[in-house]
Protein chains: 2
Amino acid sequence: MQYETKKRSILKAISWRTWATMTTAALVFIFTGQFALAVTIGLLEVFAKMALYFFHERLWQRISYGKKEIPAFVVWFTGLPASGKKELANRVHQQLKDDKLKVERLDSLDVRPLFPETGFSPEEVNRHVKRAGHLCAMLEKNGVIVVASFVSPYAKSRYFVRGVANNFVEIYMKTTVDACEKRDEKGHYAKAHSGEYQNFPGVDVAYDVPENPEIIIAVDDISTDEAVNQIVVYLRKRFLNN
Amino acid sequence: MQYETKKRSILKAISWRTWATMTTAALVFIFTGQFALAVTIGLLEVFAKMALYFFHERLWQRISYGKKEIPAFVVWFTGLPASGKKELANRVHQQLKDDKLKVERLDSLDVRPLFPETGFSPEEVNRHVKRAGHLCAMLEKNGVIVVASFVSPYAKSRYFVRGVANNFVEIYMKTTVDACEKRDEKGHYAKAHSGEYQNFPGVDVAYDVPENPEIIIAVDDISTDEAVNQIVVYLRKRFLNN
């Protein structure tokens, strides 16, 4: 909820008066040819109307007509581990913040500590993703844009999140398991291959490729800058009218 | 994030011009005694300044100076089961909504389905309350007021929630176990006494009375209307400047 301070109204009154009085004085001078009269009326107008403008602003501050909320939306990054979701999501989040939008960033690894008992079986992952979806929907309902990045390998829970969100933008990080393994600095894929990790999407469980994502990022073909741009252009066009 | 539509700017221009032109015409008439001149200058002014006013509004729409966010806060109701938290919280929530504030309502029973594995042992209740606190803090950080009602019997987790929130208002529903048992339509106390429920605050585990709550509601001495008023007056004074 925003409101406007009295100082803002005063500044607007002064800024408006500067332009408006010059117009009045010019009109009086053109019609009467009397410079002194133009200046006198202009000066009187300055004080009378500056006060009037101030009260006019305060009155309109109470009128909500024509004040709109920018619609919130949920941007959901899905893709194999090490497909570059987190970095790209961080960049998009920063861009939206720079545009002075209200935006929250949710990452699977940040949310997990809240649910310490959640494991990595398909059932638990689906539950984790659904909870995250509830959280996204609650934020979105309250006017907060959400940028979320979750491997979210199963179509079932992604479909659930799409259902609870109002404006849902699914971003699929399109790449291959081989390319992700090469990018994987933390050695997660190696641990999955050795059996240390179970239920690892792309290794011993399938990653369900999204059927109709709003945006597909060709991870291995374009730069991060290009990917950020692809997403931000889409969001501006669809939600931000610019 | 709010913005103002062009229609709002047009309406403001018309509303302003009505007052302002009458002032100009009156001044010209007073100084020259010429009615026709006053009307001519007034009419010309109408068109020139209405357009100017519109562009002035659009320019100020881009200036964020003096546009303030109403601060968000977390209102946390704590008290024995059947102490009346839920009803009172619903009423306060409705009041804030009526004031067109952005406000979310969290109740323990609404949040629990998200965490189906959470039981009622002190440890699990503390974890549940901490999670709810995280949720409150995330909403508050994004400008959303939260009205939360949780038995939250343990000082430890309530203290945690106070720590993660920015503006925290703890409301203690002051009453007795006996009075709650009489109010308890659902028979929860009976089930606790019979041993069907364990870890029931006020029966087989203690309810930690808050040490420094912002507001104490004398549940058995005042009406719900009075209690709502007590809380709303506090919130308006502390956060809403009215």
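Readers should treat all values here as calculations from the given coordinates under stated rules, not as data from a laboratory. Everything quoted here is computed from the prediction, not taken from an experiment. Neighbour counts run over all protein chains shown; Cβ positions are idealised from the backbone, glycine included.
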Cleavage-rule hits (GluC sites (Glu not before Pro)) in the range B:181-235: DSSP loop, at most 11 neighbouring Cβ within 10 angstrom:
B:E185, B:E196, B:E211
What helices does chain B hold that run 27 Å or longer along their axis, going by alpha-carbon atoms, with a Kyte-Doolittle average of 0.5 or more, using DSSP H for the helix calls?
B:35-61
Quick one: 3J(HN,Hα) in Hz for the range B:64-79, Karplus 6.51/-1.76/1.60 with θ = phi - 60°, rounded, Gly and Pro as x.
8, 3, x, 9, 10, 8, 5, x, 8, 7, 10, 9, 10, 8, 10, x
Check which residues have an amide H placed less than 5 Å from B:E104's amide H, if you skip close sequence neighbours.
B:I145, B:V146, B:V147
For A:F120, which inter-copy label distances result when the label point lies 7 Å beyond Cα on the Cα-to-Cβ vector, reported in nm to one decimal and in ascending order?
3.6
Most fluctuating residue of B:L80, B:L96, B:L27 in a GNM of chain B with Cα springs under 10 Å: which is it?
B:L27
Output wanted: per-residue J couplings in Hz (rounded whole) for the range B:205-216, from phi through Karplus 6.51 cos²θ - 1.76 cosθ + 1.60, θ = phi - 60°, x for Gly and Pro.
10, 7, 9, 6, 5, x, 7, 10, x, 5, 9, 10
Figure the gain on full extension for B:N212 and B:A155 (residue separation times 0.36 nm, minus the Cα-Cα span) and round it to one decimal in nm.
19.4 nm
Say we join alpha carbon atoms closer than 10 Å with springs in a Gaussian network model of chain B; which of B:R58, B:R127, B:R112 then has the biggest fluctuation?
B:R58
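Dividing the Cα convex hull volume of the range B:6-61 by residue count, how many Å³ per residue is that?
Normalising the Cα hull of the range B:6-61 by residue number yields 62 Å³.
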Over the Cα atoms of the range B:1-144, compute the convex hull volume and normalise it per residue, giving Å³.
161
Expressed as a whole number, the average count of other chain Cβ atoms within 10 Å around the Cβ atoms of B:16-24 is 5
Kirkwood estimate for chain A, i.e. one over the average of 1/r between Cα atoms, Å
21.8
Rg (Å, one decimal) plus Dmax (Å, integer) for the alpha carbons of the protein assembly as shown?
29.8, 99
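Run lengths n ≥ 4 of DSSP H only: what is the helix-derived mean residue ellipticity at 222 nm for chain B, with -39500 (n - 2.57) per run over all residues, to the nearest 500?
-17000 deg cm²/dmol
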Remind me, relative contact order of chain B in percent, using alpha carbon pairs under 8 angstrom and six or more residues apart?
23
Here FRET efficiency (C-beta to C-beta, A:E196 to A:K86, R₀ 25 Å, nearest 0.05) is 0.70
Each residue of the range A:172-179 in turn: what ³J(HN,Hα) in whole Hz from Karplus with 6.51, -1.76, 1.60 and θ = phi - 60°, glycine and Pro shown as x?
9, 7, 7, 7, 10, 4, 4, 5
Please compute the average number of Cβ atoms from other chains found within 10 Å of each residue's Cβ in peptide A:140-147.
4
May I ask you to work out the translational diffusion coefficient for the range B:158-242 at 4 °C, viscosity 1.567 mPa s, via Stokes-Einstein with Rh from the Kirkwood sum over Cα pairs, reported in whole µm²/s?
86
Measuring label to label, 7 Å along Cα→Cβ, what does A:K68 give against each other copy in nm, shortest first?
2.8
Give me, ordered by chain and number, the residues 5 or more places off B:V205 or on other chains with an amide H under 5 Å from its own placed amide H.
B:F200
Rg over Rh [alpha-carbon atoms, Kirkwood Rh] for the range B:94-187:
0.99
Mind telling me which of A:H193, A:H93, A:H56 comes out most flexible in a GNM of chain A, alpha-carbon contacts under 10 Å?
A:H56
What average number of partner chain Cβ atoms lie no more than 10 Å from the Cβ of the residues making up B:30-38?
2
Do any chymotrypsin sites (Phe, Trp or Tyr not before Pro) in the range A:1-92 lie in a DSSP loop with no more than 14 other beta carbon atoms within 10 Å, and if so, which?
A:Y65
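Among B:D178, A:D107, rank each residue by its count of other Cβ atoms within 10 Å, from fewest to most, as a rough exposure measure.
In order of increasing Cβ crowding within 10 Å: B:D178, A:D107.
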